[in-house]
Amino acid sequence: MNHRTSRHNCREKLVSQLFTFGEEKRTFLDAYFDARDPERIQLEKQLSAYTEYVEKLLLGPDEDLDSAVLIGSHIDFEYLDFHTSDSFMIVMPEETNPDEGRISFLSPVGSQLLLGSKGEVRSVHTPSGSMRIRITGIELRSETLNEPALGGADHAL
């Protein structure tokens, strides 16, 4: 697949996400959260910020598609406290497969890295504690579920 086709497919994925988080937002949220769940309210705010960012991103050049962590981004990162590195892909909940390095944007780590930028250091809070992570690479990918991402079960997240 050439780069132009790959970028076109990435843009189509982002447009599909905008539809899901716009027209189908209530159905999407109902599938994962009770209407009164405080996490749902927080996610609604995060999805609004995400869709606003993606709408602006789609107006720009293809190079901008790798400027922030999006759903579909493969990210490389360093654990600053442990002096190790790893990678995974942020995906929709139904595409999650930790053994293949795919974590949901709804997961504690995925949601905290969403919209992060290359070089940014974030304190990520997990059920087992907090850690500092530096994002070292971002690449929005158009791959399908049958194409495994790098990383996987060896990562600590």
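Looking at Ala49, Ala31, just one residue is within 18 Å of Leu115 (Cα to Cα) and small (Gly, Ala, Ser), and that residue is Ala49. If you go through segment 30-49 and pick out every residue that is assigned to a loop (DSSP other than H, G, I, E, B) and closer than 17 Å to Ser107 by Cβ, you end up with 2.
Here the condition is being out of contact with any strand residue (DSSP E or B) (no Cβ under 7 Å at 6 or more places or on another chain), modelled with pLDDT of 95 or more and within 12 Å of Leu140 (Cα to Cα); of Leu14, Leu70, Leu59, it holds for Leu14 alone. Comparison of Phe77, Phe21 shows that the only residue that is under 16 Å from the mean Cα position of the chain (by Cα) and assigned to a helix (DSSP H, G or I) is Phe21.
Looking at segment 91-108, can you tell me whether even one residue there is more than 14 Å from the chain's Cα centre (by Cα) and charged (D, E, K, R)? Yes - at least one qualifying residue is present in segment 91-108. For segment 76-114, filtered to residues that are surrounded by fewer than 16 Cβ atoms within 10 Å (Cβ to Cβ) and hydrophobic (A, V, I, L, M, F, W, C), the residue that is modelled with the lowest pLDDT is Phe82. Put simply, of Val15, Val69 the only residue that is surrounded by fewer than 18 Cβ atoms within 10 Å (Cβ to Cβ), out of contact with any Pro (no Cβ under 6 Å at 6 or more places or on another chain), in contact (Cβ under 8 Å) with a residue 40 or more places away in the chain and β-branched (Val, Ile, Thr) is Val15.
The values are calculated or read from the model by the stated rules, or taken from the named source; none is laboratory data. These figures come from a predicted structure and were not determined experimentally. As a convention, Cβ positions derive from the backbone with ideal geometry for all residues, glycine included, and neighbour counts pool all protein chains shown.
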